[in-house]
1. Could you tell me whether segment 183-194 includes any residue that is closer than 30 Å to Leu239 by Cα and either touching a His at 6+ places or on another chain (Cβ under 6 Å) or modelled with pLDDT under 75 (or both)?
2. Just need a number here: residues in segment 248-266 that are in contact (Cβ under 8 Å) with a residue 12 or more places away in the chain and within 26 Å of Glu111 (Cβ to Cβ).
3. Would you check which residues across segment 310-340 are farther than 17 Å from Leu352 by Cα and among the aliphatic types (A, V, I, L, M) and list them?
4. Quick check on Ala54: is it under 30 Å from Val313 (Cβ atoms), at pLDDT 85 or above and in contact with a Pro (Cβ under 9 Å, 6 or more places away or on another chain)?
5. Of all helices (runs of 4 or more DSSP H) completely enclosed by segment 214-306, which ones contain at least 1 residues that are among the polar types (S, T, N, Q)?
6. Condition first: loosely packed, with under 15 Cβ neighbours inside 10 Å, assigned to a helix (DSSP H, G or I) and out of contact with any Phe, Trp or Tyr (no Cβ under 9 Å at 6 or more places or on another chain). Now tell me which residues in segment 60-77 satisfy that.
7. Does Leu229 satisfy the criteria of being surrounded by 19 or more Cβ atoms within 10 Å (Cβ to Cβ) and on the phi < 0 side of the Ramachandran plot?
8. Out of Ala266, Ala328, Ala319, report the one residue that is more than 13 Å from Ile250 (Cα to Cα), buried (at least 19 other Cβ atoms within 10 Å of the Cβ), in contact with a Ser or Thr (Cβ under 8 Å, 6 or more places away or on another chain) and hydrophobic (A, V, I, L, M, F, W, C).
Amino acid sequence: MGESSSSRGFSVTSSRHGNVQTLLLAALAVIALGAALKTLYFVLMPLAFAFYLAVLVYPVQRRMTIFFPPSLAWMGTVSAMGLILAVLAAGVGAAWLCAKQLLVNSPDYAELFLRYRNRAVAWVESLGIPVSSELTDTEQVLRNALGIVRAVAWSGWSLAAMTALVFFFVLLMLLEASRWRLKATEIMPHLQDGVVLDTIEVMAVRLRQYLWVTTVCGIITGAINGVWLWYMGVDFALLWGLLAFLLNYIPNVGSIIAGTLPSLLAVVMLGPADAIITIAGLALVEQVMGNFVQPRMQGRRLELSPLMALFSVVFWGWAWGVAGAFLAVPLTITMVIVFAHVPALRSVALLLSRTPHYEVLEQKTDAEAVAAEKP
């Protein structure tokens, strides 16, 4: 009897030690993976960005390929890449117009900034709090501002180089898209049940649904915000609309940043009453789009846990910077779909998703269910 109790106690203790070791190994693996992602940023980030961009425009390539005769099938790829170039040109044009407006009105903005700086410094000093000389020295402040402008210009060149790299990655991915299914079948002929191919199909459809819905909602939000700010007389309305569109890809944090920056400018330019009206309009747009329009457009599609979505933004932002924050949700959706098809990782997929039941998760990641949703 004593020996049996001792055996059970030893078994329980061994099981607990095994669980602790598994958790420690998993933690070490996550740390090593994060370090590798951060180290290989310049290789992996452009590839990831290009992959999701190719997934987004692939339907354009496919439909245009069908539209043209076989001898002009290459026009499908040209159409998809042309769409990317058109959107990029529109963004660059909008940024250039905003930069031009800033340069023309820079003396007025500098005077306005110094005026509010002096008021803020006087208020802080009235409270008995010492203020650094770097904040009171006008020349030092202007030198710091010039340093920021130079840093932004250098970042612009880096962004241009990265954009060119992503562009050519997308082009090559679209050119080889039709061959990848054949390659997967050839490489893994023993997988007769098609699990891998089904997983790839589900991932592509779900990602495309998410990207298109987010893009359309971002365009609507950016357009409404830009028109509203222009109507209220806030400068750089075009820039704030473009920023609202881009930051719509970053959950939770993006909408806060997109609303805070023009709100601060409205307070400076318009005064309390008009600023409150402006801020209320921006908040109304965000609430309607975020809580009603976008959820209805997404329907029963795969949703992430809000907590995990925010965590993914923080993690990928740490690993890949601003680009990682934009890619956080698509990357997490990819993980959920892939993990849902791996028995050992299904619990992780459930943790990342919004649903609390395996049955619902399986339905949202099942190839037949996804195919039935396709238009």
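The values are calculated or read from the model by the stated rules, or taken from the named source; none is laboratory data. Bear in mind the structure is a predicted one, so any value in this text is a computation, not a measurement. Quick reminder, even Gly has a Cβ in these numbers, built from the backbone with ideal geometry, and neighbours come from all protein chains shown.
1. Just the residues of segment 183-194 that are closer than 30 Å to Leu239 by Cα, to begin with: none.
There is no residue in segment 183-194 that is closer than 30 Å to Leu239 by Cα and either touching a His at 6+ places or on another chain (Cβ under 6 Å) or modelled with pLDDT under 75 (or both).
2. 5
3. Hits for segment 310-340 are Ala319, Val322, Ala323.
4. Working: under 30 Å from Val313 (Cβ atoms): yes; at pLDDT 85 or above: yes; in contact with a Pro (Cβ under 9 Å, 6 or more places away or on another chain): no.
So Ala54 does not fit the description; no.
5. On the way: elements: 237-247, 253-270, 272-288, 294-298.
Output list reads 253-270, 272-288, 294-298.
6. Scanning segment 60-77 gives Arg63, Ile66, Phe67, Pro70, Ser71, Leu72.
7. The answer is yes for Leu229.
8. Numbers: Ala328 fails: more than 13 Å from Ile250 (Cα to Cα); Ala319 fails: in contact with a Ser or Thr (Cβ under 8 Å, 6 or more places away or on another chain).
From the options Ala266, Ala328, Ala319, the qualifying one is Ala266.
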